[in-house]
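Before any comments, here is the structure.
Read the figures in this text as sums done on the coordinates, not as results from a lab. Model, not experiment: these values are computed from the prediction. Because the Cβ atoms are built from the backbone with ideal geometry, glycine has one as well, and the counts that use them run over all protein chains shown.
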Amino acid sequence: MAELSVKHLLGIKYLNEADIDLIFETADHFKEVINRSIKKVPSLRDITIANIFFENSTRTKLSFELAEKRLSADVINFSAGQSSVKKGETLIDTVNNILSMKVDMVVMRHPNPGAGIFLSKHVNASIVNAGDGAHEHPTQALLDSYSIREKLGDVAGKKVVIVGDILHSRVALSNIFALKLQGAEVKVCGPHTLIPKHIETLGVEVENNLLKALNWCDVANMLRIQNERMEISYFPTTREYTQQYGLNKKILDSLDKEIVVMHPGPINRGVEITSDVADSKQSIILNQVENGVAIRMAVIYLLASKIK
């Protein structure tokens, strides 16, 4: 049986193209499972997984938990907000205490970039990064690529523009790595202040004009403004941002081709995307949510098969 080249999923940066193909093939199988009347398989009955979230999350946490339960794993949920972390316990102590309960895998979201990498060097369990600060969010990038492949047949050769707050977005960075690895062309679009310096070194182009970017692309991935990561103001007002970088139906209908519209959620309706676009037939936002469960099942299943 084919297996992943890694024993943790810390970031797309550490995967190769064969890893992504294997995850997608496995997700195809699990997508068929979750559309059956009995949605569970007994694959991971002997595996215990701890979901440790040091940052608030609703959709990602639910998606992981559902994926784990569909695979029949035992699941422990740990929210750091109500825990000893507030009393000064270190990350390693917290996780080691959980691992002493004989946990095999840790799914972790943490506000600090590199937290998963740090943890993987200090604890004896498989680590899945569910988002580390503004660094990476690998399962989101995988489900985004998988959704593009499902809609357009392939990722290679497709033109994808990522629009919005690139500077603070772990989704943007993971998507750039994943899309480039699979042979897509990538542009980023947003105000100068929200585009990281030297982003061109990742092999992407910068386009500050939304209309030009949309006329170029096959797929537009619309990101929200990450106000919670901003200590200063990066643009004058939300209204001005929306006028320049918000996607509405009038703009969508003015393009000379049909593009695919994506959004990693949660959506700020009326800011980066209007409701009539989010709910239009060109939007695959709900497909992304469904595919998220299948992708996370695939990742967990493939990593669990490497636990000895």
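Numbers for the structure displayed
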read-out	value
Assigned charges on the beta-carbon of Lys, Arg, Asp, Glu; the chain dipole about Cα centre (debye)	560 debye
Environment charge of LEU66, counting only residues whose C-beta is closer than 12 Å and scoring Lys/Arg +1, Asp/Glu -1	+4
Highest-first arrangement of 111-121, 210-220, where packing means the average Cβ count within 10 Å	210-220, 111-121
Folded to 0 to 90 degrees: helix 59-70 orientation relative to the chain principal axis, Cα	40 degrees
Beta bridge orientation in the chain: antiparallel %, DSSP, nearest 5	5 percent
Value of [θ]222 nm, deg cm²/dmol, for the chain, DSSP H segments ≥ 4, -39500 (n - 2.57) each, nearest 500	-11500 deg cm²/dmol
Cα long-axis angle, helix 138-152 against the chain (0 to 90 degrees, to the nearest 10)	50 degrees
Listed peptides 296-304, 194-202 by packing density, highest first (mean Cβ within 10 Å)	296-304, 194-202
Given charges at Cβ of Lys, Arg, Asp, Glu: the chain dipole, positive-most of ALA2, ILE300, HIS192	ILE300
Two-decimal Rg to Rh for the chain - Kirkwood Rh, Cα set	0.97
Three principal axis lengths of the range 12-157 [C-alpha, angstrom, descending]	50, 36, 26
Selection from ALA213, ALA156, LEU15 lying farthest towards where the dipole of the chain points positive, charges on Cβ	LEU15
Square roots of 5 times each gyration tensor eigenvalue, C-alpha, the range 1-55, largest first, Å	22, 18, 12
Among the listed pairs LYS7/LYS39; LYS40/LYS249; LYS7/LYS197, those beyond 28 Å (Cα-Cα)	LYS40/LYS249; LYS7/LYS197
Aspartates and glutamates with Cα under 20 Å of LYS121, excluding same-chain neighbours fewer than 8 positions away	GLU89, ASP93, ASP104, ASP132, GLU136
Potential extension, ASN56-SER37 segment - 0.36 nm per residue separation minus Cα distance	3.7 nm
Spherically averaged projected area of the range 138-288 from its Cα convex hull (nm²)	8.1 nm²
